[in-house]
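Take a look at the structure below.
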C-alpha cells in the first residue's frame, strides 16, 4: 500500500485509510513518500530535514498509524547532500522478515 500527501485527498486514499483502521494494517507493508511541494504553481524538490520530518509526522497523523514501513523521497534535492536529507531526526529501524 503506497500513498503520498502530494496526490491530495482522492477517494482511493480515504478508502485505504479506512481499510487501515479496519484491521488491514497488520496485513500490508505501508509505504509513503515526501520531498516534493508546490508553491505558486511550481513543483519544488525539498530535502530539508525539518520539511521531511513535518511531512512524516503529517503522514502518521493522517493515516492514523504509529509506524510507516517504508518512507522515501520522491526526488533527491541536489542543493544539499543526501546525508542531510536523511538525517531528519527519527530513529531508523530496519525490519527483516523470513517471507
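The numbers here are math on the coordinates, done by the rules we state, and not lab data. Quick caveat, the model's predicted, so the values are computed rather than measured. When we count neighbours, we look across all protein chains shown, and the Cβ atoms used for this are built from the backbone with ideal geometry, even at glycine.
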Sorted largest first, the C-alpha extents of the stretch 2-85 along its principal axes in whole angstrom are 41, 28, 16
Please report 61, 21 as a ranked list, fewest other C-beta atoms within 10 angstrom at the top and most at the bottom. 61, 21
Quick calc, residue 28 & residue 79: beta-carbon distance into FRET formula, R0 22 Å, rounding 0.05, result 0.05
How would 24, 16 line up from fewest to most surrounding beta-carbon atoms within 10 angstrom? 24, 16
